[in-house]
1. Give segment 154-211 a look and list any residue that's farther than 20 Å from T100 by Cβ and in contact with a Leu (Cβ under 7 Å, 6 or more places away or on another chain), or say none.
2. From the list S104, S142, S94, exactly one residue is in contact with a Ser or Thr (Cβ under 6 Å, 6 or more places away or on another chain), of a type in the set (S, T, N, Q) and farther than 21 Å from D194 by Cβ. Which is it?
3. In this structure, is S77 surrounded by fewer than 18 Cβ atoms within 10 Å (Cβ to Cβ), of a type outside the set (K, R) and over 23 Å from R24 (Cβ atoms)?
4. Applying the selection to segment 29-41, what residues are modelled with pLDDT of 85 or more and of a type outside the set (S, T, Y)?
5. Does E14 satisfy being out of contact with any Leu (no Cβ under 7 Å at 6 or more places or on another chain) and either small (G, A, S) or closer than 29 Å to A106 by Cβ (or both)?
6. Filter segment 115-137 for residues that are assigned to a helix (DSSP H, G or I) and among the basic types (K, R) and give the result.
7. Going through T173, T189 one at a time, which residue ends up being modelled with pLDDT under 95, of a type outside the set (D, E) and farther than 20 Å from I109 by Cα?
8. When the residues of segment 112-149 are narrowed to those that are under 19 Å from the mean Cα position of the chain (by Cα), among the polar types (S, T, N, Q) and buried (at least 22 other Cβ atoms within 10 Å of the Cβ), which ends up farthest from P74 (Cα to Cα)?
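The values are calculated or read from the model by the stated rules, or taken from the named source; none is laboratory data. Every value quoted in this text rests on a predicted model; they were computed, and no experiment measured them. Positions of Cβ are backbone-derived with ideal geometry, glycine not excepted, and every protein chain shown enters the neighbour counts.
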Amino acid sequence: MHAETENGGSRSFECEIAVQAAGRIPALAGLDLETGNVATEGTRFRLTPHLQSTSNPSVYAAGDAANRGPALTPVASHDAEIVAANLLGSGPPSHVPDYTGVPSVAFTIPPITSVGLTEDQARAKGLAFRVNHQDIADWQVSRHLQEDTAAYKVLIENSSKRILGAHLIGPDTEHLINMFALAIRLGLTATEMDRFMSAFPTAASNIFHMLDTSEECGPATEPATTRSDRELAPATAK
């Protein structure tokens, strides 16, 4: 495999398989942006909060060229909707993108998924929250697939019970994370999500275990598990 480096050099590697996971950058070099008076900063356009160019109001950007939200396909689609709404509106641009609750998935085996705040980010915001976390490799959702790696971590704000973040690994988490993404985007609380009734047995049927708030805890210091492994583990035939 041959690769070009940032300084114009090249490197060669011998390997059995190559996995490209470095992402991509927008190809702005050939657009002659200087002639169009379109300012850039690094590898993106310099934009207002409405995704409009700061130097040429006739130009908007979305997705990789805007580089405002996570570099994900749904974010690019969302940006495009914002740009279209601002272009077609009758007055000055008024629509801004909202990147609240954008889930991400690493499609590994098993999948690793995340949405919302991490513990460090929540602490940096000065939030007081509890951390529900547990290894769930012995739960039915994992055992029936003979998957020995599965766990969750959910951050819940103490005062409001809002779901601040969810981080999952295990089978079907690429689907389950969307439930948490919806809750975060709509500002739903753990109590409200606990009213959700799902099909059983599915990964979603375990949500209410993950959102247990029966034990109060203060500002996040030591993570707090929800209930004992014995109580949470599904019954199995002897």
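1. Listed by number, the residues that qualify are P171, D194, A203, A204, H209.
2. Numbers: S142 fails: in contact with a Ser or Thr (Cβ under 6 Å, 6 or more places away or on another chain); S94 fails: in contact with a Ser or Thr (Cβ under 6 Å, 6 or more places away or on another chain).
Criteria check complete, one pass: S104.
3. Working: surrounded by fewer than 18 Cβ atoms within 10 Å (Cβ to Cβ): yes; of a type outside the set (K, R): yes; over 23 Å from R24 (Cβ atoms): no.
In short, no.
4. First, the residues of segment 29-41 that are modelled with pLDDT of 85 or more: 31-41.
Listed by number, the residues that qualify are L31, D32, L33, E34, G36, N37, V38, A39, E41.
5. Numbers: out of contact with any Leu (no Cβ under 7 Å at 6 or more places or on another chain): yes; either small (G, A, S) or closer than 29 Å to A106 by Cβ (or both): yes.
Judged against the criteria, E14 is a match.
6. Passing the criteria: only R123.
7. Working: T173 fails: farther than 20 Å from I109 by Cα.
Within the list T173, T189, the selection yields T189.
8. The residue in question is N132.
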